[in-house]
1. Which residues, taken from the range 49-63, are open to solvent by 80 Å² or more (accessible area, probe 1.4 Å) and either assigned to a helix (DSSP H, G or I) or of a type in the set (Phe, Trp, Tyr) (or both)?
2. Given the condition open to solvent by 60 Å² or more (accessible area, probe 1.4 Å) and either within 15 Å of residue 58 (Cβ to Cβ) or assigned to a helix (DSSP H, G or I) (or both), answer yes or no: does some residue in the range 39-46 qualify?
3. Among the residues of the range 29-38, count how many are of a type in the set (D, E, K, R) and open to solvent by less than 70 Å² (accessible area, probe 1.4 Å).
4. I'd like the residue in the range 1-28 that is open to solvent by 40 Å² or more (accessible area, probe 1.4 Å) and of a type in the set (A, V, I, L, M) and, out of all such residues, is nearest to residue 62 (Cα to Cα).
Amino acid sequence: MEEFDKALAQIGINNASEINGDLKDYFTVTKREDGTYKIHWEKNISTHIRHKVTALIKKYYTV
């Protein structure tokens, strides 16, 4: 998950003007009974950042 954290940090750096604090504070990921993952957005954030984070989660959480 170190690569995931690095990629997430890079999104935060690239979009620093739109993110207050740590990007990890904006969402949580939970695993469903069927093995899929659900993203719960805790704070409002722009759609293009949501799409980038969603793509990262799909890449690193689904094996």
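1. Listed by number, the residues that qualify are 51, 52, 58, 59.
2. No - not one qualifying residue is present in the range 39-46.
3. Number of matching residues: 0.
4. By that ranking, first place goes to 1.
The values are calculated or read from the model by the stated rules, or taken from the named source; none is laboratory data. Source: prediction; values computed, not measured. All Cβ positions, glycine included, derive from the backbone under ideal geometry; neighbour counts span all protein chains shown. Only protein heavy atoms, including side chains, enter the accessible area calculation; ligands, DNA and RNA are left aside. Shrake-Rupley method; radii C 1.70, N 1.55, O 1.52, S 1.80 Å.
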